[in-house]
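One structure below.
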Amino acid sequence: MVFVDIFEEFFGDIFGGGRGGRGERAGGPQRGEDFRYDMSISLETVMNGSEEKIRIPTMVECDTCHGSGAKAGSGPETCPTCQGMGQVRTQQGFFSIARTCAACGGRGKIIRNPCPSCRGQGRKRGEKTLTVKIPPGVDTGTRIRLSGEGGAGLANGPAGDLYIMIDVARHPMFERYGADLLCQVPITFTQAALGGKMEIPSLNGKGRLSIPAGTQTGTRLALRGKGLPHLNRPGVFGDLVVEVRVETPVKLNKRQRELFEELASCCDDDSHPESKSFLDKVKDFLDKVAS
Ligand SMILES: [Zn+2]
Ligand SMILES: [Zn+2]
């Protein structure tokens, strides 16, 4: 599908770009182009959905000539070249060939004194406000179609559509994986060893996380249903996955230091199985080297 950026379409020629004319293709009705509008939204909007107002460029009736294209006091006149038919016929042998009248462009009317505001176009650039309903659960790449809000059709053809292209901005706290959210949370040395409960912020209120005793850095704990809503499954939510990081205490005061030293003196292999397993491997390795 090819989309035309709505701002490029309307403002492109100002910057020397633009896509050129739409083609003066003669013939039947032609559907208008589909326009694209890029919209950046937050994860909070993904959670709750919203109604966003957007202002888009559009062609509006010229308020000086009220759409006639003629200067005040004058009006469109019947084209003298085609007598208002919009076509001229030329004879070629036995055939009579009809061509679009070049003098009036096929409209059958000409404007002798064009309106200075719109240079005889009857329309000029303006803006309109549209309300875009963003359903909960959208993701980057989701397209929302506004039917009939694209480019105007030619020769009574239907208007194109306007597509809102969603881009979800990065969140400082949560990483998104589909409907699941991942959040890194530091826990204290003692929380990790003893276990406990802590409050975790989520996008739809707080969640209470149970930390089991003996939790290691990198452990992932899930808060079921505290993630994002599924786009096509109303009422179903993903999980909030908490990745725990054990924070080693720093800047110990005298009392804390004493306690840690006391703790160190009574720690044994049973309380540190990973360290024990590593030391065993080191011992085996050194034995092999020695023999
Ligand atoms: Zn005008
Ligand atoms: Zn004409």
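The values are calculated or read from the model by the stated rules, or taken from the named source; none is laboratory data. All of these numbers come straight from a predicted model, not from anything done at the bench. Ideal geometry is used to build each Cβ from the backbone, glycine not excepted, and the neighbour counts take in all protein chains shown. Accessible surface is based on the protein model in full, side chains and every heavy atom, while ligands, DNA and RNA are left aside. Shrake-Rupley method; radii C 1.70, N 1.55, O 1.52, S 1.80 Å.
Things worth noting here:
- Among Ser50, Ser117, Ser271, residue whose mean-square fluctuation peaks in a GNM of the chain (springs only between Cα atoms under 10 Å): Ser271
- Here r is the Cβ-Cβ distance between Ser74 and Thr131 and R0 is 45 Å; the resulting FRET efficiency, rounded to 0.05, is 0.70.
- Estimated FRET transfer efficiency (Glu8, Val250; beta-carbon r; R0 51 Å; 0.05): 0.45
- Here Thr140 sits with roughly 80 square angstrom of accessible surface, probe radius 1.4 Å.
- Using just its DSSP H runs of length 4 or more, each adding -39500 (n - 2.57), the chain gives a mean residue ellipticity at 222 nm of -5000 deg cm²/dmol after division by all residues.
- Against the chain, whose longest principal axis comes from its Cα atoms, helix 254-266 is set at around 70 degrees.
- Computed with a 1.4 Å probe on the full set of protein chains, the accessible area for Met85 sits at about 150 Å².
- Cα gyration tensor category, rounded, prolate or oblate, for the chain with a/c compared to 1.5: prolate
- Three-way shape label, the range 175-290, alpha-carbon gyration tensor, a/c 1.5: oblate
- Between Gly141, Gly120, Gly205, the Gaussian network model of the chain with springs among Cα atoms under 10 angstrom shows the greatest mean-square fluctuation at Gly205.
- Loop-located trypsin sites (Lys or Arg not before Pro) in the range 80-170 whose Cβ has at most 13 other Cβ within 10 Å (DSSP): Arg112, Arg119, Arg170
- For a paramagnetic label modelled on Thr219 (point 7 Å from Cα along Cα→Cβ), amide N atoms under 14 Å away belong, within the range 173-194, to 185-194.
- Cβ-based charge dipole, the chain, positive-most Cα from Ala179, Thr129, Pro76: Pro76
- GNM top mover of Ile211, Ile134, Ile166 - the chain, alpha-carbon springs below 10 Å: Ile211
- Lys, Arg +1 and Asp, Glu -1 on Cβ, resulting dipole of the range 175-290 about Cα centre, debye, nearest 20: 600
- The range 82-226: C-alpha gyration tensor shape, a/c 1.5 cut-off, then a/b vs b/c: prolate
- Cα-based helix-to-principal-axis angle, 273-290 vs the chain, degrees rounded to 10: 70
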